[in-house]
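First up is the structure itself, then whatever we jot down about it.
The values are calculated or read from the model by the stated rules, or taken from the named source; none is laboratory data. The structure presented is a predicted model; accordingly, all values stated were derived computationally and were not measured. As a convention, Cβ positions derive from the backbone with ideal geometry for all residues, glycine included, and neighbour counts pool all protein chains shown.
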């Protein structure tokens, strides 16, 4: 039986009238409804009526956090569906809070991991989502808060654009506030061992697990050892994830490697990615498991997934997205498509400083590429096809600033906003403070 009735009338504490329209979702804490006030629709999270004194204590703490912290604070980033107003039960048995309604284009990450997200997002889209998620949590932490309970249920992504939204923000607290919310599969080991409290550093572990799930579709600690556990109860989980966690690709401990026939998805997906991303995940789940100060920071993830996005290209045989490992190229190693196993050559690249960017038909450049670190707000360049000759491609200036370019010893020419510079080996681009060089390989 639903907690609220369709058509029921409620009011926020500041007097906004609400009408309950439909039930959106149910969970352990309560239910989420679509409500309306005039022409505008919202989402309302409504908590279960406390059934025990302990639940009543937690409800009072939750209400206090909403009133004293969250409702008096602006969201650190627009991706957070932040609490906007408190709503009380007329009989005072429970309460809820109002927030922005999640647009239908967004889907939960649980669908992604289960392979049920449609359309299935491209690798480039996932990279954008990872960048935006890491940046959102960076801003949350810089503001002095921790999320406490990062897991697959909170973030949502648009599989077409990579845009993100983050729900369940009633979990957010001032950093290091006493009290834990532990989703054991994502919780930092020290929390599982009841050492300390939730903080931005414990969030960093949970974020790393989330990103590993997004790209490898597997838990980073679930390998050979889990097959030896007969009953995976709470005690076993705490031992597995808290007291003795071992990364499935720990370079110094092979006891928990993925097992063919049981963990095939993890084996296949791990090998898709370049060495720099594998090393970052390895650090997160070796040093970072045991030393919170060595965990991968949000900015490092942003840089890594931007670099990963820039190494993306399409197989010339089967057309599937791949990632080019420039380190392997330097070492003279041939690279093969992860799906069709055929050798495949990457397209033209643009080198800005020591950073190579592969120029696919859908590549975009952002201020981040020109030194404005972590600014992915609006593209400054995109790849375009010649309207009359489909064999000719160029990079179009959409930045609003004038650029200059040259080929060989020819004089520099101006590329104003909207102008397209042809993709040719040896073309030099001058963006102002940054310079770039096009190379065929």
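Structural remarks
- Residue pairs whose Cβ atoms lie under 7 Å apart, sitting 6 or more positions apart in sequence or on different chains, and linking a residue in region 151-162 that is closer than 19 Å to residue 29 by Cα to a partner that is buried (at least 18 other Cβ atoms within 10 Å of the Cβ) and modelled with pLDDT under 95, are 153/168; 154/168.
- Residues that are free of Cβ contacts under 8 Å to residues at least 60 places away in the same chain number at least 3 in the following strands (runs of 3 or more DSSP E) confined to region 29-102: 30-37, 40-47.
- Of all residues in region 124-150, those satisfying the criterion of being free of Cβ contacts under 8 Å to residues at least 60 places away in the same chain and not in a helix (DSSP H, G or I) are 144, 146, 147, 148, 149.
- The test for being on the phi > 0 side of the Ramachandran plot, touching a helix residue (DSSP H, G or I) at 6+ places or on another chain (Cβ under 8 Å) and surrounded by 18 or more Cβ atoms within 10 Å (Cβ to Cβ) holds for residue 148.
- Every condition in (1) surrounded by 15 or more Cβ atoms within 10 Å (Cβ to Cβ); (2) in contact with a strand residue (DSSP E or B) (Cβ under 8 Å, 6 or more places away or on another chain); (3) over 30 Å from residue 136 (Cα atoms) is met by residue 6 except one, and the failing one is (1).
- Scanning region 163-198 for residues that are in contact (Cβ under 8 Å) with a residue 60 or more places away in the chain, part of a loop (DSSP other than H, G, I, E, B) and buried (at least 21 other Cβ atoms within 10 Å of the Cβ) turns up 167, 172, 188.
- Entry remark, region 366-420: residues being in contact with a strand residue (DSSP E or B) (Cβ under 8 Å, 6 or more places away or on another chain), closer than 30 Å to residue 77 by Cβ and surrounded by fewer than 14 Cβ atoms within 10 Å (Cβ to Cβ) number 1 in total.
- Out of 88, 112, 102, one residue alone is in contact with a strand residue (DSSP E or B) (Cβ under 7 Å, 6 or more places away or on another chain) and surrounded by 16 or more Cβ atoms within 10 Å (Cβ to Cβ). It is 102.
- Among residues of region 103-123, those that are outside any loop (DSSP other than H, G, I, E, B) and in contact with a helix residue (DSSP H, G or I) (Cβ under 9 Å, 6 or more places away or on another chain), counted: 4
- Members of region 326-344 that are under 29 Å from the mean Cα position of the chain (by Cα) and either under 20 Å from residue 277 (Cβ atoms) or at pLDDT below 90 (or both): 326, 327, 328, 329, 335, 336, 337, 338, 339, 344
- Qualifying residue in region 427-439 (condition: over 29 Å from residue 325 (Cα atoms) and assigned to a strand (DSSP E or B)): no
- Test result for residue 213, assigned by TED's automatic domain parsing to the domain that holds residue 298 and touching a residue at least 60 places away in the same chain (Cβ under 8 Å): yes
Matching residues to (1) free of Cβ contacts under 8 Å to residues at least 40 places away in the same chain; (2) more than 19 Å from residue 425 (Cβ to Cβ):
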site	(1), (2)
353	no, no
367	yes, yes
376	no, yes
384	yes, no
392	yes, no
402	yes, yes
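- With respect to the stated conditions, residue 81 fails to be under 21 Å from residue 305 (Cβ atoms) and at pLDDT 95 or above.
- Filter result (part of a strand (DSSP E or B) and closer than 15 Å to residue 100 by Cα) within region 1-18: 12, 18
- The single condition among (1) buried (at least 17 other Cβ atoms within 10 Å of the Cβ); (2) in the same structural domain as residue 49 (by TED's automatic domain parsing); (3) closer than 21 Å to residue 160 by Cβ that residue 78 does not satisfy is (1).
- Among the residues of region 220-234, the ones that are under 23 Å from residue 269 (Cα atoms) and in a loop (DSSP other than H, G, I, E, B) come to 4 in all.
- Checking residue 323 against (1) at pLDDT 95 or above; (2) buried (at least 19 other Cβ atoms within 10 Å of the Cβ); (3) farther than 25 Å from residue 264 by Cα, the condition it does not meet: (3)
- Flag for residue 233 being over 20 Å from the mean Cα position of the chain (by Cα), surrounded by fewer than 21 Cβ atoms within 10 Å (Cβ to Cβ), assigned by TED's automatic domain parsing to the domain that holds residue 176 and under 25 Å from residue 327 (Cα atoms): no
- Number of residues in region 254-271 that are within 18 Å of residue 208 (Cβ to Cβ) and either touching a strand residue (DSSP E or B) at 6+ places or on another chain (Cβ under 7 Å) or assigned to a loop (DSSP other than H, G, I, E, B) (or both) equals 2.
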